[in-house]
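**Q** Just dropping this structure here.
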Amino acid sequence: SMASSSSSTPTPGTTTDPDGDVIINPDEIVSRKRKDPAADPLKPDFPEAGAAELAGPRQHRKVIIPSHRMGQLKENWMQIYEPIVEHMKLQIRIIPRTRTVEMRTSPETTDIGALQKAADFIRAFTLGFAVQDAVALLRLEDLYVDSFKIEDVRTLKGDHLSRAIGRIAGKDGKTKFTIENTTKTRIVLAENSIHILGSFSNIKVARDAVVSLILGSPPGKVYAKLRTVASRVAERF
């Protein structure tokens, strides 16, 4: 009699097949629990986790500042400090003795990736990018800094190296500005290193143009290629 009574009243959220086996329907159980939170009194009811809980314990980052950028860092400190503290809700300090900038999350930090973005922003500044350009790393997604050396492309020494740098910069920086404006990137020439800030696809176009100049292509030929690429990108959008 007990078996017949249990089969006649199946548990809510379950069905019985012809052989008498119980089939659990998880969707029905989930929907029932959504409708009635008190359906399972033993299940704990926690409030939704906030950003502070998701971020876990306090995280730290250190960025070492090259000696030749310390003066610029001090001059532009408020422009660097404000977006990191007010917008990213991080804590930051500069330690002149060790030439480092230290950052850490605070209880107000809401963005889990804020600390990494801030570290990328400071590193971009140390590479030579202006604060106004580097701050885009905090505000926009999918921006990167790509760095390479001239000798990675071609082994050049002495005057040949100087001429390659001159070809990239152009007269009064005209060639560099043209590449930057056409590809929507920012380029820093630091001795024999080249740093490019931009989106992944734009960095590739700018890097190809710079590599062509290093290999000896005349600027006119590079401009023509850039115009073709720029018109193709404009058509795509």
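The values are calculated or read from the model by the stated rules, or taken from the named source; none is laboratory data. Predicted, not measured: the structure shown is a model, and the values here were computed from it. Please note: Cβ atoms are built from the backbone with ideal geometry, for glycine as well, and neighbour counts cover all protein chains shown. Ligands, DNA and RNA are stripped out before the accessible areas are found, and what is left, the full protein with its side chains, is counted by its heavy atoms. Shrake-Rupley method; radii C 1.70, N 1.55, O 1.52, S 1.80 Å.
**Q** From the residues in the stretch 69-117 that are assigned to a strand (DSSP E or B) and charged (D, E, K, R), which one is surrounded by the fewest Cβ atoms within 10 Å (Cβ to Cβ)? Write out each step before concluding.
**A** Of all residues in the stretch 69-117, those assigned to a strand (DSSP E or B) come to 90-95, 100-105.
Retained after the next criterion (residues that are charged (D, E, K, R)): 93, 102, 104.
Working: 93: 10, 102: 14, 104: 16.
Among those that are assigned to a strand (DSSP E or B) and charged (D, E, K, R), it is 93.
**Q** Across the stretch 137-152, which residue is surrounded by the fewest Cβ atoms within 10 Å (Cβ to Cβ) among those that are over 10 Å from the mean Cα position of the chain (by Cα) and hydrophobic (A, V, I, L, M, F, W, C)? Outline the logic, then answer.
**A** Filtering the stretch 137-152 for residues over 10 Å from the mean Cα position of the chain (by Cα) gives 146-152.
Remaining after also requiring hydrophobic (A, V, I, L, M, F, W, C): 148, 150.
Values: 148: 16, 150: 21.
Only one residue tops the list, namely 148.
**Q** Something else: Just to check your reading of the model, which residue among 159, 133 is among the acidic types (Asp, Glu) and open to solvent by less than 70 Å² (accessible area, probe 1.4 Å)?
**A** Values: 159 fails: open to solvent by less than 70 Å² (accessible area, probe 1.4 Å).
Answer to the check: 133.
**Q** Does residue 161 count as of a type in the set (A, V, I, L, M) and in a loop (DSSP other than H, G, I, E, B)? Outline the logic, then answer.
**A** On the way: of a type in the set (A, V, I, L, M): yes; in a loop (DSSP other than H, G, I, E, B): no.
For residue 161, the condition - of a type in the set (A, V, I, L, M) and in a loop (DSSP other than H, G, I, E, B) - is not met.
**Q** Is it the case that residue 155 is assigned to a loop (DSSP other than H, G, I, E, B) and of a type outside the set (A, V, I, L, M, F, W, C)? Talk me through it step by step, then tell me what you get.
**A** Numbers: assigned to a loop (DSSP other than H, G, I, E, B): yes; of a type outside the set (A, V, I, L, M, F, W, C): yes.
Judged against the criteria, residue 155 is a match.
**Q** Keeping to the stretch 170-198, report how many residues are over 17 Å from residue 127 (Cα atoms) and either part of a helix (DSSP H, G or I) or open to solvent by 30 Å² or more (accessible area, probe 1.4 Å) (or both). Steps first, answer last, please.
**A** Here is the first cut: in the stretch 170-198, the ones over 17 Å from residue 127 (Cα atoms) are 170-175, 177-179, 181-184.
Now narrow it down to the ones that are either part of a helix (DSSP H, G or I) or open to solvent by 30 Å² or more (accessible area, probe 1.4 Å) (or both): 171-175, 177-179, 181-184.
Residues that pass the stated criteria total 12.
**Q** Output the qualifying pairs, or none if there are none: Cβ atoms under 6 angstrom, residues six or more apart or on different chains, first residue in the stretch 91-109 and under 13 Å from residue 119 (Cβ atoms), second residue among the basic types (Lys, Arg) and in a loop (DSSP other than H, G, I, E, B).
**A** 104/58; 105/58
Here is a yes/no grid of residues against (1) of a type in the set (D, E, K, R); (2) at pLDDT 90 or above; (3) closer than 16 Å to residue 223 by Cβ:
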| position | (1), (2), (3) |
| --- | --- |
| 153 | no, no, no |
| 158 | no, no, no |
| 162 | no, no, no |
| 167 | yes, no, yes |
| 170 | no, no, yes |
| 179 | no, yes, yes |
| 188 | no, yes, no |
| 193 | no, yes, no |
| 197 | no, yes, no |
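**Q** Is at least one residue of the stretch 218-228 open to solvent by 40 Å² or more (accessible area, probe 1.4 Å), at positive phi, free of Cβ contacts under 8 Å to residues at least 60 places away in the same chain and in a loop (DSSP other than H, G, I, E, B)?
**A** Scanning the stretch 218-228 turns up no residue that is open to solvent by 40 Å² or more (accessible area, probe 1.4 Å), at positive phi, free of Cβ contacts under 8 Å to residues at least 60 places away in the same chain and in a loop (DSSP other than H, G, I, E, B).
**Q** How many residues are of a type outside the set (Lys, Arg) and open to solvent by 40 Å² or more (accessible area, probe 1.4 Å) if we restrict to the stretch 121-130?
**A** Within the stretch 121-130, the first condition is being of a type outside the set (Lys, Arg), and the residues that meet it are 121-122, 124-130.
Next cut, open to solvent by 40 Å² or more (accessible area, probe 1.4 Å) only: 127, 130.
Adding up the residues that qualify gives 2.
**Q** Can you confirm whether the stretch 208-217 contains a residue that is surrounded by 17 or more Cβ atoms within 10 Å (Cβ to Cβ) and either among the basic types (Lys, Arg) or touching a Lys or Arg at 6+ places or on another chain (Cβ under 6 Å) (or both)? Break it down stepwise before answering.
**A** Step one: list which residues in the stretch 208-217 are surrounded by 17 or more Cβ atoms within 10 Å (Cβ to Cβ), which gives 209-214.
Imposing the further condition that a residue be either among the basic types (Lys, Arg) or touching a Lys or Arg at 6+ places or on another chain (Cβ under 6 Å) (or both) reduces the set to 213-214.
Yes, some residue in the stretch 208-217 is surrounded by 17 or more Cβ atoms within 10 Å (Cβ to Cβ) and either among the basic types (Lys, Arg) or touching a Lys or Arg at 6+ places or on another chain (Cβ under 6 Å) (or both).
**Q** Please name all residue pairs, on different chains or six or more residues apart, with Cβ atoms under 7 Å, provided the first residue is in the stretch 137-166 and is farther than 16 Å from residue 190 by Cα and the second residue is of a type in the set (Phe, Trp, Tyr) and modelled with pLDDT of 90 or more.
**A** 137/121; 138/121; 142/200; 144/200
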